[in-house]
Each structure stands twice: as structure tokens, then as C-alpha cells.
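Working notes, structure below.
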Amino acid sequence: MENRKIPYNKPFIVGKELYNISRAVIEYGHLSGNGPFTKACHAWLEKNLGCGKALLTHSCTAALEMSAILANIGPGDEVVMPSFTFVSTANAFVLRGGIPVFIDIRPDTLNLNESLIEAAITEHTKAIVPVHYAGVPCEMDPILEIAHENNLLVIEDAAQALFSEYKGKRLGGIGQFGCISFHETKNIISGEGGAILINDPAFEERSEIIWGKGTDRSKFSRGEVDKYTWVDVGSSYLPSELTAAFLLSQMEEADRIIRKRKDIFQLYYKKLKHLEDSEKICLPSVASNMAFNGHIFYIITKDVNERSRLIRHLKERGILSVFHYIPLHASPAGKCLGKTVGDLKITEDISVRLLRLPLFYELSKKEVERICEEIGSFFGQ
Ligand SMILES: Cc1ncc(COP(=O)(O)O)c(C=O)c1O
């Protein structure tokens with residue numbers, strides 16, 4: 001029998017998604033935002049991530065944009081972040097007139113190198129954005145210390161980091177704000193989707209207003225004011241109940257989903273270790289860290305040519321592997337809208353050698369073994 005094609009990602013359902021959606025329509029008759037499913041998702045996030053207040057958004061991009069508004073980013077304000085990240089990390093601040101300041105990453109975790117932050121701080125710096133790449137925690141203690149000493153906000157881009165931990169604390173619940181993604185490629189999904197976590201109570205009231213189109217409608221729906229009106233800047237950041245209904249079903253199964261991804265991650269690691277031992281590839285350096293959510297499994301090849309040949313080799317055998325990120329500091333928009341501090345040698349090197357292997361909930365053990373065999377055969381092993 002011919003092997004089935006293996007995509008690099010595949011959306012999935014785990015149980016009550018469709019049932020919940022029909023309940024939203026039939027039982028509650030509430031399809032716009034901030035209904036019973038949205039509230040249940042907020043309660044789940046607050047309980048499981050240890051944040052004071054959570055608000056669902058229609059994407060992590062939207063959560064980052066809300067953070068930029070909450071941080072009062074304005075023209076000329078600088079925000080320190082890695083260049084090795086998704087475009088939304090920077091765009092959210094650029095939309096407010098801010099300037100992303102790109103620094104290099106660590107060679108082990110591929111997260112922003114905390115020892116380079118201080119050199120990037122100027123009188124214009126307002127915030128630091130640690131991106132927990134692949135769900136692996138940034139070194140939060142030194143980052144928080146630098147932020148405290150320089151009176152800066154810490155906005156965690158925890159798009160990939162749901163349920164990963166740093167010293168016993170769930171990511172996204174550590175800086176003033178944390179931004180999570182439920183995009184279909186993430187560990188738990190709602191198609192598009194996200195959340196902002198507010199970890200400093202001083203920002204809670206304003207976060208609801210920005211979320212609700214700049215109005216105090218949330219207060220009105222709790223009966224705290226007798227009419228609602230325009231009180232601040234804001235936008236429509238809340239998703240519909242259909243999204244929340246789908247998401248709640250996934251949230252209820254989060255432990256099982258994440259355990260499965262971690263098992264896949266560990267199997268990849270075990271099956272490819274011999275290629276690292278014979279110096280053909282490098283593997284992620286987090287395999288023994290069980291407080292990690294198994295979001296991405298990547299390998300690092302010798303150079304860009306080898307990576308291109310391996311992608312082709314796998315594709316010819318029905319296996320889709322992908323790479324990212326084109327460093328933001330070297331992208332057309334990054335060059336004119338951002339600023340770079342230091343040389344970004346590790347970012348530039350890793351971005352041409354990193355390859356993501358398929359990793360999704362329904363990926364079977366046999367398929368992981370087949371992928372690893374094909375990688376082995378590419379290297380003649
Ligand atoms: C690090 C990072 N930040 C932000 C985002 C944006 O997430 P969303 O697609 O939910 O807007 C992503 C998406 O993959 C990401 O990887």
C-alpha cells in the first residue's frame with residue numbers, strides 16, 4: 001500500500017467542538033463575542049496560566065496589538081525583541097509608530113539573548129518582548145531584572161508556548177502581558193484565535209475597554225454602569241462565540257493534546273539522535289525539559305544547500321517539511337521600520353539551516369518513524 005502523504009500541520013478536533021458550536025446557536029442564541037463560551041475560556045486561562053485576567057482575541061497578532069496600546073507605545077518608542085520571530089511580534093508596535101529594535105538569539109534555545117538586551121536600551125526604550133520560540137522558555141529572571149532596573153514593560157510573545165513553564169510558572173503569566181495563539185498550527189486550536197493575559201492588575205480595566213472597541217461595554221454587561229460609551233482608543237479584538245465554543249472543547253483536552261505532542265517530540269529525538277552523534281545534524285537542546293510543551297520539532301542542517309536538498313528529498317517521498325523565519329532585520333519592512341543592535345550572526349546562521357518536521361496531534365508513531373528513516377537515508381544511514 002502506498003504511504004499516505006504527511007503534511008507539516010493538520011488541524012484536528014478532539015471531542016465537543018461541533019456540539020459546543022451548536023449549543024452556542026441553539027441553547028444560548030449568542031454568536032457575537034463575550035458570551036458564555038468566551039467567559040468559560042477566560043476562566044480556563046486564568047485558572048491554568050495563573051494570570052489575573054485573560055481576554056480572548058481573534059489572534060495572537062491582535063493580543064500583541066492590544067499590548068502595544070496598553071504599553072502606550074507611540075511614535076519613536078523603541079521595543080527590544082529578537083529578529084528571529086514571526087512578523088506580528090514587530091508589526092504590533094510599528095502600527096503604533098514604535099520602532100522594533102532587533103537583537104541576536106542564543107545558540108542553544110534560539111530565544112533572544114538576554115545578555116544583549118542592555119546594550120540595546122536607550123532613553124526611548126519602552127518594552128522588551130521575549131519570544132518563547134518553539135515553546136521553550138526565555139531566561140525570564142534576568143529579563144525581568146533588566147526591565148525593572150530600566151522601568152520597562154515585559155510583553156511575552158507566548159504564541160507558541162501554551163503550558164510551557166519557567167521555574168514553575170506558566171509562560172505568558174510572567175511579564176506584564178502575555179500573548180498566546182490558537183492558530184491552527186498551535187498546540188490547541190480554534191482556526192484563528194488568541195488571548196492576551198494581563199498579569200498586572202493596574203492594566204485590567206483598560207484592557208477590557210481596548211478589547212471592546214474603546215467602550216466601557218464590559219462594565220455595562222456586568223450591570224456596573226447604566227449605559228456604555230466611548231471612553232478610550234480601542235478596536236474589535238474579541239472573537240465570536242463560535243470560535244470560543246470550538247476552543248473550549250480543545251482547552252478541556254489540553255493536557256492530553258500536549259502530552260501527545262511531547263511524545264511525538266521525544267520519539268523524533270530518540271530516532272534522530274544517532275544523526276546528531278555522527279555530527280550530521282543538530283537537535284533541539286530541550287529534550288529533557290518536561291515543562292516544555294513540544295510545540296515544534298526542528299533539526300539544524302550543515303548549511304542551506306543541505307537543507308534545500310533534504311526538503312526536496314522528503315517532498316519526493318510525500319513528507320512536507322518547512323523552514324522559518326526570514327530574519328526580520330533583513331526583511332524589506334524590517335530594514336526601513338526597525339533598528340538592529342550588534343551583528344545578528346546566530347539569527348542569520350540559524351535561519352538558513354533550521355528545518356521544521358511535521359508535528360501535529362494526529363501524527364502517528366509509524367509516520368514519525370518513517371520520516372526519521374527517510375532523513376536517515378538522506379544521510380546514508
Ligand atoms: C512567535 C509568534 N508570534 C506571533 C504569532 C502570531 O500568531 P497569530 O497567527 O495567532 O496571529 C505567531 C504565529 O505563528 C508566532 O509564531
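Things to note:
- Of Thr85, Thr61, all but one fail to be part of a helix (DSSP H, G or I) and of a type outside the set (Phe, Trp, Tyr); the exception is Thr61.
- Filter result (more than 16 Å from the ligand (Cβ to nearest atom) and more than 18 Å from Ile121 (Cα to Cα)) within the range 73-98: Arg96
- Qualifying residue in the range 291-305 (condition: part of a helix (DSSP H, G or I) and not β-branched (Val, Ile, Thr)): yes
- If you go through the range 166-207 and pick out every residue that is closer than 16 Å to Gly135 by Cβ, more than 10 Å from the ligand (Cβ to nearest atom), aliphatic (A, V, I, L, M) and in contact with a strand residue (DSSP E or B) (Cβ under 8 Å, 6 or more places away or on another chain), you end up with 3.
- Some residue of the range 353-373 being surrounded by fewer than 16 Cβ atoms within 10 Å (Cβ to Cβ) and within 24 Å of Asp108 (Cα to Cα): no
- Here Tyr166 meets the list (1) in contact (Cβ under 8 Å) with a residue 12 or more places away in the chain; (2) farther than 27 Å from Ile188 by Cβ; (3) surrounded by fewer than 24 Cβ atoms within 10 Å (Cβ to Cβ) almost entirely, failing just condition (2).
- Cross-chain or 6+ apart pairs with Cβ under 6 Å, the range 71-92 first and assigned by TED's automatic domain parsing to the domain that holds Ser115, then within 16 Å of the ligand (Cβ to nearest atom) and of a type in the set (Asp, Glu): Thr89/Asp157; Ala92/Glu65
- Checklist (1) surrounded by 14 or more Cβ atoms within 10 Å (Cβ to Cβ); (2) touching a residue at least 60 places away in the same chain (Cβ under 8 Å); (3) more than 17 Å from Tyr8 (Cβ to Cβ) applied to Ser278, failing item: (1)
- Tabulated pairs, the range 192-204, first under 21 Å from Phe37 (Cβ atoms), second within 16 Å of the ligand (Cβ to nearest atom) and modelled with pLDDT under 95, C-beta under 7 angstrom, 6+ apart or interchain: none
- Neighbours by Cβ (under 6 Å, 6+ apart or cross-chain): first from the range 228-241, free of Cβ contacts under 8 Å to residues at least 24 places away in the same chain and within 10 Å of Gly214 (Cα to Cα); second of a type in the set (Gly, Ala, Ser) and part of a loop (DSSP other than H, G, I, E, B): Trp230/Gly214
- Against the numbered list (1) modelled with pLDDT of 95 or more; (2) not assigned by TED's automatic domain parsing to the domain that holds Trp211, Arg4 comes up short only at (1).
- Matching residues, the range 149-165, being within 15 Å of the ligand (Cβ to nearest atom), polar (S, T, N, Q) and more than 16 Å from Glu139 (Cβ to Cβ): Gln160
- Here the range 229-245 is the region considered, the condition is being buried (at least 17 other Cβ atoms within 10 Å of the Cβ) and more than 19 Å from the chain's Cα centre (by Cα), and the residue that is nearest to Leu70 (Cα to Cα) is Gly234.
The values are calculated or read from the model by the stated rules, or taken from the named source; none is laboratory data. Quantities reported herein were computed from a predicted structural model and do not represent experimental measurements. So basically every Cβ, Gly included, is an ideal-geometry build from the backbone, and we count neighbours across all protein chains shown.
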